[in-house]
Amino acid sequence: MAETMAVCPRDPSPKEPTQTEQVSDAPSEDPERARRVQEARRRNDKFWRDVFAETGVRRYRNNVEENVWKQRLTIAAVAFVIIAGITQAIYRAYLDLNFGFRNIDVTDTERLKEVMFGGSPWIVLCRWPENKKWKVPEILDNHRQELMKFGNLGSVDCSASLPSGAKFSERFRIPSSTEAMVITNGKAPRILNVWALKNWENLSSFLQKNTKVEVRNVEENISFTKNCLFPPGSRCIMFARKGGFTPETKNKVIAGSVGKKGKTRKLKVITVDTGKYEVTGIDLGAKSFYATKVACVGNISPPPTPEAKKKKDVSKDTFIYSVYEGEFTNSRALLEFAEACISSKEGHEGFRHLAKPPVLRRNSFANAGSSAGKKKQKSQ
């Protein structure tokens, strides 16, 4: 039996490649395939880069747009507030300029006389500088345009001193609690009370009553003396007609004509029913029984004595009168006559001297009718 012998492997020859070398030296992958793989990778990377980039830009733009709109809204809101403030300031300035309470300087004597005695209606604020809480009453501040329909608007320091040294409030007897007052027709100030300042309805009613020209109907001599002849220096315009006058005629036609100017508002205005009464010494003409007649009566006597003032005695006073020759419906001519009446003096053209004070008495027609009525009642 043949003996088996171990065989030693021989060293590899340098020229013979080993197994490892054979594996490493195996032919490489297909270049075309590798190129396609690399191209796919590049496309994939580009796709995701674009996606991320686009997403990032959109997010950024959305944030920018939101911020821009917020900024625009904020700017618009601020601009609106500024414009509203400017508009309000301009409106207040316009009101103050055209409908404001203009200051009345108590040291300006002529201006003060015009306001207090001129006859034109004034609605005047009464300021008290020592009162730190003083302010314009809200009802007056909010209705300045409506107040202008009743008269002029003014403001005066009621605690200020007049050139004579007396305080304004003392001279015109104005309480320290006064907030505002009405001055018109040459009369003493009328204080706006708490009721009048409560609301516009009360205020307008108060102003309507206290700024109108008063037209009084006289039916007895005492009333005639008080409302027409007294005191000395007064001027009275008398409207006479059979049957008298309706309230509408008195308040609109008569008061409207006389009240158009400040100085004529100081006239005393009366009406007389010539169907019942007559005024002695004043010849109204033959047509006075049927048509409306107008006459001016002026008391040109010096100031009365204390006793005469207390009794309203005019028995020793001197009077002048004039009769209006125009039409009652001619308001312009009637106003001119009223202006002549308020400034009349003895010797003025068209005015006559009265030998004695005029007296209101029942006329003969009224007395005859009254007697006939009494006899008829007795016979029944």
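Values as computed for the structure displayed
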{"item": "Test for residue 193: is it part of a loop (DSSP other than H, G, I, E, B), farther than 29 Å from residue 319 by Cα and without any contact (Cβ under 8 Å) to a residue 40 or more places away in the chain", "result": "yes"}
{"item": "Exclusive hit being in the same structural domain as residue 326 (by TED's automatic domain parsing) and within 18 Å of residue 336 (Cα to Cα), set 260, 276, 242, 226", "result": "260"}
{"item": "Residue among 115, 156 that is assigned to a helix (DSSP H, G or I), modelled with pLDDT of 90 or more and surrounded by 14 or more Cβ atoms within 10 Å (Cβ to Cβ)", "result": "115"}
{"item": "Lone qualifier among 205, 161 - being in contact with a Lys or Arg (Cβ under 6 Å, 6 or more places away or on another chain) and of a type in the set (S, T, N, Q)", "result": "161"}
{"item": "Criterion (under 33 Å from the mean Cα position of the chain (by Cα) and over 27 Å from residue 196 (Cα atoms)) met by exactly one of 253, 258", "result": "253"}
{"item": "Residue in segment 224-250 that is farthest from the chain's Cα centre (by Cα), counting only those that are buried (at least 18 other Cβ atoms within 10 Å of the Cβ) and of a type in the set (D, E, K, R)", "result": "241"}
{"item": "Neighbours by Cβ (under 7 Å, 6+ apart or cross-chain): first from segment 307-328, in the same structural domain as residue 235 (by TED's automatic domain parsing); second of a type in the set (S, T, N, Q) and outside any loop (DSSP other than H, G, I, E, B)", "result": "312/225; 314/225; 314/299; 317/299; 319/299"}
{"item": "Conditions (1) without any contact (Cβ under 8 Å) to a residue 24 or more places away in the chain; (2) surrounded by fewer than 17 Cβ atoms within 10 Å (Cβ to Cβ); (3) of a type in the set (S, T, N, Q): number failed by residue 204", "result": "(1)"}
{"item": "Test: residue in segment 158-169 that is outside the structural domain of residue 342 (by TED's automatic domain parsing) and closer than 13 Å to residue 211 by Cα", "result": "no"}
{"item": "Residue that is modelled with pLDDT of 65 or more, part of a helix (DSSP H, G or I) and out of contact with any His (no Cβ under 6 Å at 6 or more places or on another chain), where the choices are 96, 50, 105", "result": "50"}
{"item": "Residue match in segment 205-213 (condition: more than 16 Å from the chain's Cα centre (by Cα), of a type in the set (Gly, Ala, Ser) and more than 20 Å from residue 116 (Cα to Cα))", "result": "no"}
{"item": "Options 178, 184; residue that is in contact with a Pro (Cβ under 6 Å, 6 or more places away or on another chain), at pLDDT 90 or above and of a type in the set (Ser, Thr, Tyr)", "result": "184"}
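The values are calculated or read from the model by the stated rules, or taken from the named source; none is laboratory data. Quick caveat, the model's predicted, so the values are computed rather than measured. When we count neighbours, we look across all protein chains shown, and the Cβ atoms used for this are built from the backbone with ideal geometry, even at glycine.
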